[in-house]
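As structure tokens, the structure follows; a few thoughts come after it.
The values are calculated or read from the model by the stated rules, or taken from the named source; none is laboratory data. Nothing here was measured: the structure is a model prediction, and the numbers come from that model. We place every Cβ from the backbone using ideal geometry, glycine too, and count neighbours over all the protein chains shown.
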Amino acid sequence: MSITILIADDHTVFRSGLRAVVDAHPDLECVAEVGDGRSAIEAAARTHPDVAILDVRMPKLDGLAATEAIVAAGGTRVLVLTTYDSEANLHRALSAGASGFLLKSLPPEELVAAIRVAVRGDAVIDPSMTRRLAARFAIGIAPPVEPPELAQLTAREREVLLLLADARSNGEIAAALGVGEETVKTHVSRVLAKLGVRDRIHAVVYAHKNGLAPLDRPH
């Protein structure tokens, strides 16, 4: 079955470019294309796409407010695209329930990969924003006692959590730990379940919020 996609951007040329990227893949299908946030909400309610790709800055209603409404309705994952790597927009997007926060400058193949990640129920954030995310949630937060759910993690699962917090992909985590990617996927799933977080992005937030990962970890 095709992955159905809604595209919302007020710049016609950019919107057409996104449509061309989607149309170039036989497993992706654009079911709606709109130019403002309010129309995005209406189109999502009408077409029930698997993924909505929303620009942050749109007329009538911005993409972040539209994200909140679409996520609240259920059934559609939202990827937020932006020209500006704003910490405030990143925070708003995550709070609204977005499954991804990506810069418009990302290569087409990475956008397609992000769509497929979102459909799987995971989440993706532009690597350049990961440290800003960490900093925003970590400042001023230093709990004296570890949350009880951390005690449920094995030593290896804690390693995986720290690597997630450092914006490592599954392949990079596998290389760092000397295991296969399928093993990493299993560890990630267990970490998310034990911590009670929805996806990788919220695992990153959790790790930094609880002081588990230094902000200047080397890659």
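The table below lists the values:
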item	result
Qualifying positions in the stretch 57-76 - surrounded by 23 or more Cβ atoms within 10 Å (Cβ to Cβ) and within 17 Å of Ile5 (Cα to Cα)	Gly63, Ala66, Thr67, Ile70
Any hit, the stretch 83-106, residues being in contact with a helix residue (DSSP H, G or I) (Cβ under 9 Å, 6 or more places away or on another chain) and β-branched (Val, Ile, Thr)	no
Glu109 being in the same structural domain as Val13 (by TED's automatic domain parsing), free of Cβ contacts under 8 Å to residues at least 12 places away in the same chain and either of a type in the set (Asp, Glu) or not in a helix (DSSP H, G or I) (or both)	yes
Elements of type strands (runs of 3 or more DSSP E) in the stretch 3-102, at least 3 residues being of a type outside the set (A, V, I, L, M) and more than 16 Å from the chain's Cα centre (by Cα)	28-34
